[in-house]
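S.K.: Structure incoming, see below.
The values are calculated or read from the model by the stated rules, or taken from the named source; none is laboratory data. Just so you know, these numbers come straight off a predicted model, no measurement behind them. Cβ atoms come from the backbone with ideal geometry, glycine included; neighbour counts cover every protein chain shown.
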Amino acid sequence: MSDPDSPRARRLARRAIVLAVTAALVAPAHTASAQIGGLVKRARDKVVDQQVDKQVEKRTGSPAATSAGGAPKFDDVTVELTSERVGQIVRGLGAGRALLDGVNGSPSRAALVARRDEAMNRSGTLSSENGKILDAYNEKRDASQRCRNDAIQASRDKRQQGSEQRNQELQAKAMTDPAFREKIMAFTQKAAAAQQRGDTAQLRRLYAELGVVGDDPKADTLAADKACGREPAKPAVMVQMEQLDAQAKSLSEQIRQLEEKAAATEVKESGLNERQFFMARERIEAYLSAMKYKSAPRGFSAGELEALGARRSELEKVM
């Protein structure tokens, strides 16, 4: 063990005190348990969409596809729309449409959208009808927050000054008291080991033994309550608006999940893989659009036109 009276020991002791006090100030007792998490919205595979768009443009825009009878080049992405395959796609689209329509007993997409829009409209109406109440609350809340921020900062500064004073006192003691300096050396080793283990409880105990009290934000909150009073309560109309907004957000998420489930069902029931299905759907949409505006569909073989024409009415219902 090093000589507690040596200059090196004094330097190490002084450094350990500074580190201990600083660590206590920046490491609140509740830090280890403060974890935050959220929602990530998923959407259709953009890579697949981009690939499909490129393939559609490439195939339907080629010289071979510029006439009504020009057939594209079929491969593992662009599959021929035979009568059987069109039937598979109709089955897939129908299964997806059934989910969206709520035939399985679940709420339909239309019902969810109506409920979401109603909640959003009610929230907007409450906002427009209670503007004065909301403005008065916001002004009062902003004034309270400014007061509380100032009080919290003043309390924090006061605690910081106290910590700095304790730091100076501990340094002075370490310079004049060999026994305390030896205690600092032992503290340094124990604190380093506890920090490596992530043992915050042990670190707090070590700080307490050294006379260093950890940062406690509750003291700042109490000081703000004393100086400024409690934060103003939200008016009932604002609470109601927040509930409606939360309801609309939840319904939007339900709609997104239903749409994703329907899209996955379409692919699965069609018997095609994802890229093949999206390509086929793009081509069928192009066919139906051409027929709607009474123009000649381009980029299809004669057999495909016959198969699509035979089930056109079914495709229009499920697309």
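S.K.: Out of 167, 130, 149, which single residue is within 22 Å of residue 217 (Cβ to Cβ) and at pLDDT 90 or above?
M.R.: Just one listed residue meets the conditions, 149.
S.K.: Follow-up. On the basis of being crowded, with 16+ Cβ neighbours inside 10 Å and without any contact (Cβ under 8 Å) to a residue 40 or more places away in the chain, does residue 293 make the cut?
M.R.: For residue 293, the condition - crowded, with 16+ Cβ neighbours inside 10 Å and without any contact (Cβ under 8 Å) to a residue 40 or more places away in the chain - is not met.
S.K.: Another question about this same structure. Restricting the search to region 104-122, which residues are buried (at least 17 other Cβ atoms within 10 Å of the Cβ) and not charged (D, E, K, R)?
M.R.: 112, 119, 120
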